[in-house]
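Heads up: the structure comes next, in structure tokens.
Every read-out reported here was derived from the displayed coordinates using simple, explicitly stated rules and does not represent laboratory data. Fair warning: this is a prediction, and the values are worked out from it, not measured in the lab. Note: ideal-geometry Cβ built from the backbone for every residue, glycine included; neighbour counts use all protein chains shown.
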Amino acid sequence: MSKLLVLETPTQESIKVRAITYQNYATPFALKTLYIPIANKESIVTPTEVLVKVMTTSVNPVDCILKNFSNNYFGPKFKIPGGDFAGIVVKAGSESGYKEGDKIYGDCLSLNKRGSFSDSIIFEPKKAFVCEKIPDGMPFEEAGSLACVSNTAFESLRKYNGNLYGKNVLVLGAGTSVGFFTVQFAKYYFNAKNVVATCSSKSSFKTTKAGADLTIDYTKSEVSKLEALLEFVKIHGFFDIIVDCVRDESVISNFPNLLQKGKDGGIFTQITGSYTLDYKNIHLYNMIPSWRYLYNKWKYQLGFSDYPIVATWTERDEEYGAAIEKLWKENKLDIVIDSSYNAYKDFNEAFEKVATCTAKGKVILNWNNPE
Ligand SMILES: NC(=O)c1ccc[n+]([C@@H]2O[C@H](COP(=O)([O-])OP(=O)(O)OC[C@H]3O[C@@H](n4cnc5c(N)ncnc54)[C@H](OP(=O)(O)O)[C@@H]3O)[C@@H](O)[C@H]2O)c1
């Protein structure tokens, strides 16, 4: 039997879990008892797997997007959403890299198959997007909220080909969780000289606290945003990297006034995501890169533009876990939790908050509550 499946009835070689599930885009989320196939009754896991008692998970836009696009033809009948988790290793395979009792966090998103939103998970750490030991003293709530957004933030800055020390970084959409971590990594890990961030006035305080030297309110007008950016460049020089977390492509036509040329290291990177942040009403075409993005990307590739454009997403990265640990130990990692919900009862509220893009930080599902 495929290890990717979840079962509705127990078998000799399965464990029982309580999980948040859905069947397709039209069915509501529901808490269900399901059964996960195991390697065998003695070891439970294969040498490369771990069984984890989940303490917290967090909801990401991708969880809402995958549900919107799901149908009855791909994946198991009852799909378990989720990627982000934090928990305790209960069984560890000999080649998994972990031992029983380890506290770990990560992103084990499995497209349309079996995600992290259940009280126990079995997965292969070496194949997960992210799997790391929780830094000493970090609460489960914070650890469970980290992987997807902070890893994507880290990867966005890793797209810069060189050392960001002393450079200028622009983060478009710093009010998003990805943008918030991008600001922190840029300032405190990569030691950029100036970090400029666009966000609403509501997110300005937390963004400044996270290390932004200048925040620009994108809600005022395109013109005032551009004027503020040009004013910055006049005083401090071009941006070396622009990280776009919200598909704010208005800057593309102004690259010559804002961005260092590619030959001098300049780069524009866009977080792969949707055009609309209304994840309840998302369509496939919202996910397709814009014509402006593609045209300018190809123009550079064909040698007709000076400004490289690349996409960023969550990726395995050996340096990421150490970067998180370093910032945490230095007391420079700010993790903003918007809200924490009982995973067994209040999951609909949690999804609603993320789907409507109204969260001001991470939305947590707590699995350590009584049902
Ligand atoms: N491909 C990947 O691997 C990957 C991984 C993670 C995330 N993503 C994508 O990255 C994007 C951000 O995800 P997230 O979880 O970080 O988002 P999030 O935390 O849910 O973002 C919410 C925030 O977005 C800001 N916002 C809303 N509309 C905006 C607009 N028009 N312009 C600028 N900011 C706006 C708001 O802050 P203000 O107060 O500033 O308005 C709001 O608080 C999503 O599209 C997601 O799908 C992709």
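Worth a mention:
- Check: the chain dipole with +1 on Lys, Arg Cβ and -1 on Asp, Glu Cβ, in debye: 360
- Size of charge dipole - region 145-292 - debye, nearest 20, with Cβ of Lys, Arg +1 and Asp, Glu -1, no other charges: 240
- 17 Å Cα-Cα reach of K360 towards aspartates and glutamates, excluding residues that sit fewer than 8 places from it in its own chain: E141, E142, D217, D278, D334, D338, E349, E352
- DSSP bridge pairs, the chain: antiparallel proportion in percent, nearest 5: 55
- By other beta-carbon atoms within 10 Å, ranking D63, D248, D278 with the fewest at the front produces D278, D248, D63.
- With the highest mean first, a sort of the peptides 124-136, 22-34 on other beta-carbon atoms found within 10 angstrom per residue produces 124-136, 22-34.
- Selection from A311, F129, S43 lying farthest towards where the dipole of the chain points positive, charges on Cβ: A311
- All distinct Cα pairs of the chain go into the 1/r average, and the inverse of that average, the Kirkwood radius, is 21.3 Å.
- Unsatisfied cross-links (Cα-Cα over 29 Å) in the set K202/K297; K263/K326; K127/K263; K32/K280; K202/K234; K299/K332: K202/K297; K263/K326; K127/K263; K299/K332
- Each residue of region 165-172 was assigned a 3J(HN,Hα) from its phi angle through the Karplus curve 6.51 cos²θ - 1.76 cosθ + 1.60 (θ = phi - 60°); the sequence is 3, x, 9, 9, 10, 10, 10, 8 Hz, with glycine and proline shown as x.
- Here K77 is the anchor, and the aspartates and glutamates within straight C-alpha reach of less than 13 Å, apart from those fewer than 8 places off in the same chain, are E8.
- Shape category assigned to region 148-312 from the gyration tensor of Cα positions, a/c cut at 1.5: rounded
- Summing Lys and Arg as +1 and Asp and Glu as -1 over all other residues whose Cβ lies under 10 Å from the Cβ of K225 gives a net charge of -3.
- Region 137-191 and region 338-357 have Cα centres separated by 24 Å.
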